[in-house]
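Nothing in this text is a laboratory measurement; each read-out follows from the coordinates by a stated rule. Note that the coordinates shown come from a computational prediction; the quantities given were computed from them, not determined experimentally. Please note: Cβ atoms are built from the backbone with ideal geometry, for glycine as well, and neighbour counts cover all protein chains shown.
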Amino acid sequence: MQNGVTRRTVIQSAAVVGLAAAVGSLTPATALAAPAKQAKKAPASANGWSLEKEANHVSTVWTRPVAGPGLNVDVRIGDVEAILVHVIRRFHYEIEQLDAVDLAGWQQIGALDKNRPESNLASGTAVRIRPGASAKGGLFPLQEMTLRDVLADCEGVVRWGGDDSPVDESLFYIDAGPDDERVSAVAQKLRDWNGTPGAGAGVIMDPKSAKRSAAAEKLAQRQAR
């Protein structure tokens, strides 16, 4: 062949070009097949709800009123608020009247043990009622019976720190994750009660009635650790 180009050179060049084209056509497919990088999981409290760095600003935690007692509490708005406010109100009406110093909500995680239930305060899914009364034995028997009745209202969605080890009788927290359907179901039930005469917080219940005491005892056994 002319210009020193042999038949063998032409064949080799064509083979190289063909191989390069084949590799180029495979590269996009290979890239598409690569697994996507997973997003970093947001920090969460012990019950699985995302932590909040502050309240009342770019947050799911806001200062909310507690109707009846005239108190306010920093709590996660929505279903969590409906449930925990119900607990606070029944405690105030049926166990012991509360003042502003007797109620605390959201706290920054830096002041808490992130591996313990108290970390739920940092996600707005817990409250402290009588923060200074965390030790075991802070309630009289009838008060504890009433408290068990309040917990039964919440169908296991709320846990009392008095059942934890170590004990913290001041702590009440959501004991279900953010995707647990029981949270929205219980919250809606409590909202319905609030709109029904003769139902909801503020209506004095009899925790010693057979039906209510049986429900409370059953839940206490289920939540025992």
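Checked against the criterion of being small (Gly, Ala, Ser) and surrounded by 15 or more Cβ atoms within 10 Å (Cβ to Cβ), the candidates GLY137, GLY161 yield just one match: GLY161.
THR196 falls short on exactly one of the conditions (1) surrounded by 15 or more Cβ atoms within 10 Å (Cβ to Cβ); (2) farther than 23 Å from ILE129 by Cα; (3) β-branched (Val, Ile, Thr), and that condition is (1). Here the condition is being over 16 Å from TYR173 (Cα atoms) and either touching a residue at least 24 places away in the same chain (Cβ under 8 Å) or not in a strand (DSSP E or B) (or both); of LEU121, LEU142, LEU147, it holds for LEU142 alone. Looking at HIS92, HIS57, HIS86, can you tell me which residue is surrounded by 15 or more Cβ atoms within 10 Å (Cβ to Cβ) and under 20 Å from the mean Cα position of the chain (by Cα)? That would be HIS86, the only listed residue that is surrounded by 15 or more Cβ atoms within 10 Å (Cβ to Cβ) and under 20 Å from the mean Cα position of the chain (by Cα).
Kindly check whether there is at least one residue in the stretch 168-179 that is closer than 18 Å to SER45 by Cβ, exposed (fewer than 15 other Cβ atoms within 10 Å of the Cβ), of a type in the set (Gly, Ala, Ser) and touching a residue at least 40 places away in the same chain (Cβ under 8 Å). Yes, some residue in the stretch 168-179 is closer than 18 Å to SER45 by Cβ, exposed (fewer than 15 other Cβ atoms within 10 Å of the Cβ), of a type in the set (Gly, Ala, Ser) and touching a residue at least 40 places away in the same chain (Cβ under 8 Å). Determine if the stretch 203-211 includes at least one residue that is touching a residue at least 12 places away in the same chain (Cβ under 8 Å) and in contact with a Lys or Arg (Cβ under 8 Å, 6 or more places away or on another chain). Yes, there is a match, as at least one residue in the stretch 203-211 is touching a residue at least 12 places away in the same chain (Cβ under 8 Å) and in contact with a Lys or Arg (Cβ under 8 Å, 6 or more places away or on another chain).
For the stretch 180-225, the set of residues classified as over 19 Å from ALA82 (Cβ atoms), of a type in the set (Asp, Glu) and not in a helix (DSSP H, G or I) consists of ASP206 only. Residues that are more than 14 Å from the chain's Cα centre (by Cα) and either surrounded by 24 or more Cβ atoms within 10 Å (Cβ to Cβ) or aromatic (Phe, Trp, Tyr) (or both) within the stretch 107-123 are absent altogether.
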